[in-house]
Amino acid sequence: MSLFQRNQNLCELCNTHAAAHEYTVSPKSDDSIDHQVALCDDCLTKMDEEGQSHYWRLLEGSIWSMEPAVQALSFRLLQKFKEEDWANNLINSIDLDETIVTWAMSAYDVADVHKDAFGNLLENGDNVVLTQALNVKGTNFTASKGTVVKRIKLIHDNPEQIEGKINEQSIVILTKYTKKS
C-alpha cells in the first residue's frame, strides 16, 4: 500500500482535500511510510504560517488517527495553540503512547549552544581567553583580562556558563566574558 492509498488519497490531517505531498515527520528521516503523512496543499502551506487557529481545529479529528505519524504531527501542531481552550482541552483529552509524544515534541528540543562574547561556537575542550578581569567568588584572587583558560567544559542546560580552571581552581565562567582562542 502506498502512502496516498492509506487514506483513500485524502489528506490525513483535514481528511477533505486530495493528498499531494509526502511529509516526513522529523526527526525521522527515512522514506518509510510509517514516518510520513499524506498532506494536501492547504495543510502543507498553513503549517508554516503563523496564527491560523481556526483552520487547525481540524486536528480534533486527525489526532485520533490510528497512524503514529499522523498522531505525532497532529500533537505537534496542537502545541502551537495550547494556550487556546479548544487545543488545551484536546491535548488533555487524548492519551497517546509516550513514544508518540516524544516524537512529536522532539521538534521543540533545542540543543545547548554555547557561544563566546563574539558569537563563536564553544565546545568541550576549547581554550578561551577572558575579555575582562573577573573576581572569582569564594577565593582571594581576581582572574585578569587575557587569562587563558584551557580545556573548558560546557555546563549542560545553561548555555551562558562554562567551567574551567584558573590557578588550579575549577570555576564557572560566564560565556559573555570569554573569547575562543
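The values are calculated or read from the model by the stated rules, or taken from the named source; none is laboratory data. The structure presented is a predicted model; accordingly, all values stated were derived computationally and were not measured. When we count neighbours, we look across all protein chains shown, and the Cβ atoms used for this are built from the backbone with ideal geometry, even at glycine.
Restricting attention to the range 166-181, the residues that are assigned to a strand (DSSP E or B) and either touching a strand residue (DSSP E or B) at 6+ places or on another chain (Cβ under 7 Å) or basic (Lys, Arg) (or both) total 9.
Candidates in the range 166-181 are the residues that are at negative phi and without any contact (Cβ under 8 Å) to a residue 40 or more places away in the chain; of these, the one that is surrounded by the most Cβ atoms within 10 Å (Cβ to Cβ) is 166.
Being among the aromatic types (Phe, Trp, Tyr), within 20 Å of the chain's Cα centre (by Cα) and not in a helix (DSSP H, G or I) is the filter here; which residues of the range 59-93 pass it?
Listed by number, the list holds a single entry, 81.
A count restricted to the range 80-104 and to residues that are within 30 Å of residue 155 (Cβ to Cβ) and either touching a helix residue (DSSP H, G or I) at 6+ places or on another chain (Cβ under 7 Å) or in contact (Cβ under 8 Å) with a residue 60 or more places away in the chain (or both) stands at 4. Total residues in the range 80-99 satisfying the condition of being out of contact with any Leu (no Cβ under 7 Å at 6 or more places or on another chain) and surrounded by 14 or more Cβ atoms within 10 Å (Cβ to Cβ): the figure is 6.
Residues are listed down the side, and each one gets a yes or a no for (1) in a loop (DSSP other than H, G, I, E, B); (2) outside the structural domain of residue 69 (by TED's automatic domain parsing); (3) surrounded by 13 or more Cβ atoms within 10 Å (Cβ to Cβ); (4) on the phi > 0 side of the Ramachandran plot:
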residue: 101; (1), (2), (3), (4): no, no, yes, no
residue: 104; (1), (2), (3), (4): no, no, yes, no
residue: 113; (1), (2), (3), (4): yes, yes, no, no
residue: 119; (1), (2), (3), (4): yes, yes, no, yes
residue: 132; (1), (2), (3), (4): yes, yes, no, no
residue: 139; (1), (2), (3), (4): yes, yes, no, no
residue: 164; (1), (2), (3), (4): no, yes, yes, no
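Looking at 38, 19, which one is modelled with pLDDT of 95 or more and in contact with an Asp or Glu (Cβ under 6 Å, 6 or more places away or on another chain)? If you could, list the steps in order and put the result at the bottom.
Details: 19 fails: in contact with an Asp or Glu (Cβ under 6 Å, 6 or more places away or on another chain).
Going through 38, 19 in turn, just one is modelled with pLDDT of 95 or more and in contact with an Asp or Glu (Cβ under 6 Å, 6 or more places away or on another chain): 38.
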